[in-house]
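Enquirer: Okay, here's the structure, questions in a sec.
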Amino acid sequence: MDVSVWIREIAFQELALIKPLFRQVFGSDISEEMLAWKYGDGQGRSYGAFAPDGALLAHCGLFYRQVLADGQPCRIAQLGDLMALPGRYGGLSRAGSPFALLIRKVLSDLPGVANPDGLAFGFPSDRAMRLGEHLGLFSSIDQIWELSFGPLPCSWRADSCQLLNPADNNFAGIANRLWQQMAKSLGNDLVGVRDANYLEQRYFRHPLKRYDCYLVSSCWLRRPLGLLITHSDGDQCELLDIIAAPSGMKRVLQAARMQLQSWRVACIKLWMTEQHAEKLQGLAEAASRLEFRIMANPFSSAGNPQRFASRWWLTSGDTDYH
């Protein structure tokens, strides 16, 4: 290790240290509220690479996520807030660069009782992904696609799609039942837990964005079929999450498409990993491969990071920035 670079964990109380680098790299500020939402209450950890003069050269955040992997519950890490100051200590692409040293340290700290295989994932930009692959720090195991769905005419036989308030007494019961149905089909691959507690933290406690939750129920018996988490911006609507049995995904989407006119949006856009996007692509008006590939820890699963290749269920709600 380059002795002139100091790698250490950044305590929550000193997270303001990352703000100048965040602004320089991303061109915007990160608020105290966002830092608390990401890293507070043990939900995440922050690592930095520092110069001898104390300057922050690179940063990597970890956001912990409960998942089912091969049917087993574990707590894995999502890498985010990847930042590096270019032009110092040999540049970014050198094996001894602050960025490379930092990521190696982060990955080496991952294995533990709750995550024995050292599993990790992330949505790095194309540039960050190529850099991580060049340094042998990232392994690509999946691809994100964007599907766009237009409106459908309403039908008297249509399933209902009604706004559901997370503060309602029945919210947790409905969300947990739908998640269990989803987990039965997807849990033998790799899927993040989407129970009521997760939905509350991820969406309804977000400090900056407002999300809507819709319950899709069967036409006649009003049996819950799925939950949709959406965010609207002008005439565009992003579908961040679907909680439903995979066999009912198409039906749930069709119910939502019949609501677009009342929502005053022209289309719904959905990010999905490739295998699952292919199953819904026939319903979409447009489908495009995005720049985002899903990274894995190349040292995980006894050196077999491809163990979960094309087996992730991920949507844009699984990112830390949507």
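Enquirer: Count the DSSP beta bridges whose two residues both fall in the range 213-314, then state the antiparallel fraction as a percent rounded to the nearest 5.
Expert: The antiparallel fraction comes to roughly 75 percent.
Enquirer: Kindly write out, for the range 238-246 in residue order, the coupling ³J(HN,Hα) from the Karplus curve 6.51 cos²θ - 1.76 cosθ + 1.60 (θ = phi - 60°), rounded to whole Hz, with x marking Gly and Pro.
Expert: 3J(HN,Hα) across the range 238-246, in whole Hz: 9, 9, 7, 7, 10, 10, 6, 5, x.
Enquirer: Leu85's amide H: which non-local residues (gap 5+, or another chain) put their own amide H closer than 5 Å, with H modeled 1.01 Å from N in plane and none for Pro or chain starts?
Expert: Ala58
Enquirer: In addition: Under 11 Å from the Cβ of Trp220, count the other residues' Cβ atoms, weight Lys and Arg +1, Asp and Glu -1, and hand me the total.
Expert: +2
Enquirer: Dipole magnitude of the chain about its Cα centre, charges +1 at Lys/Arg Cβ and -1 at Asp/Glu Cβ only, in debye to the nearest 20?
Expert: 520
Enquirer: Provide the per-residue ³J(HN,Hα) series for the range 63-70, in order, calculated from phi with Karplus coefficients 6.51, -1.76, 1.60 and θ = phi - 60°, each as a whole number of Hz, with x at glycine and proline positions.
Expert: Those phi angles translate into 10, 7, 9, 6, 9, 10, 10, 6 Hz.
Enquirer: For the pair Ser31/Glu291, report the inter-label distance in nm, with labels modelled 7 Å from Cα in the Cβ direction.
Expert: Each label point is offset 7 Å from its Cα along the Cβ direction, giving 2.6 nm.
Enquirer: Checking the cross-link filter: which aspartates and glutamates have an alpha carbon closer than 14 Å to that of Lys209, excluding same-chain neighbours under 8 positions apart?
Expert: Glu33, Glu200, Asp233, Glu238, Asp320
Enquirer: Based on a Kirkwood Rh over C-alpha pairs, give the Stokes-Einstein translational diffusion coefficient of the range 216-304 at 25 °C and viscosity 0.890 mPa s in µm²/s.
Expert: Approximately 163 µm²/s, per Stokes-Einstein.
Enquirer: Got a sec to turn the phi values of the range 140-148 into Karplus ³J(HN,Hα) couplings, 6.51 cos²θ - 1.76 cosθ + 1.60 with θ = phi - 60°, whole Hz, x for Gly and Pro?
Expert: Each residue of the range 140-148 in turn: 7, 10, 6, 9, 9, 10, 10, 10, 10 Hz.
Enquirer: Which percent of the accessible area of the chain is formed by carbon and sulfur heavy atoms (probe 1.4 angstrom)?
Expert: 51
Enquirer: On a full-extension model of 0.36 nm per residue, what is the gain between Ala266 and Glu133, subtracting their alpha-carbon distance, rounded to one decimal in nm?
Expert: In short, 44.1 nm is gained.
Enquirer: I've got another one for you. Among Phe12, Ser217, Phe204, whose Cα projects farthest towards the positive end of the dipole of the chain, with charges put on the beta-carbon of Lys, Arg (+1) and Asp, Glu (-1)?
Expert: Of the listed residues, the answer is Ser217.
Enquirer: Counting only C-alpha contacts under 8 Å and six or more residues apart, can you give the relative contact order of the range 227-290 as a whole percent?
Expert: Relative contact order comes out at 31 percent.
Enquirer: With a cut-off of 8 Å between alpha carbons and a minimum separation of six or more residues, what is the relative contact order of the range 86-167 in percent?
Expert: 19
Enquirer: I'd like the distance between the alpha-carbon centres of the range 136-192 and the range 202-254, rounded to an integer number of Å.
Expert: 6
Enquirer: Ok, one more. Roll a 1.4 Å probe over the protein chains and send me the accessible area per residue for the chain in Å².
Expert: 45
Enquirer: Quick one: of Lys19/Lys105; Lys184/Lys269; Lys38/Lys105; Lys38/Lys269; Lys105/Lys279, which pairs are farther than 32 Å apart, Cα to Cα?
Expert: Over 32 Å Cα-Cα: Lys105/Lys279.
Enquirer: For the chain, take N as its residue count and report Rg(C-alpha) divided by 2.2 N^0.38 Å.
Expert: Against the empirical 2.2 N^0.38 Å value, I get 1.04 for the chain.
Enquirer: Another question, then. So for the chain, averaging the separation of alpha carbon pairs under 8 Å that are six or more residues apart and normalising by length, what relative contact order in percent results?
Expert: RCO, the chain: 21 percent.
Enquirer: Please list the non-local residues whose amide H lies under 5 Å from the amide H of Asp241, H modeled 1.01 Å from N, same-chain partners needing a gap of 5 or more.
Expert: For Asp241, whose amide H was placed from the backbone, the distant partners under 5 Å are Ile229.
Enquirer: What distance in nm lies between label points placed 7 Å from Cα along the C-beta direction at Lys105 and His206?
Expert: If labels sit at Lys105 and His206, their model points lie 3.2 nm apart.
Enquirer: Between Asp159, Asp53, Asp29, where does the largest GNM mean-square fluctuation fall for the chain, given springs only between Cα atoms within less than 10 Å?
Expert: Taking springs between Cα atoms under 10 Å, the residue moving most is Asp53.
Enquirer: Can you check what the net charge comes to around Pro73, using other residues whose Cβ is under 15 Å from the Cβ of Pro73 (Lys, Arg +1; Asp, Glu -1)?
Expert: Cβ neighbours under 15 Å give a net charge of 0.
The values are calculated or read from the model by the stated rules, or taken from the named source; none is laboratory data. What you see is a predicted model, and the numbers here were worked out from it, not measured in a lab. Ideal geometry is used to build each Cβ from the backbone, glycine not excepted, and the neighbour counts take in all protein chains shown. Only protein heavy atoms, including side chains, enter the accessible area calculation; ligands, DNA and RNA are left aside. Shrake-Rupley method; radii C 1.70, N 1.55, O 1.52, S 1.80 Å.
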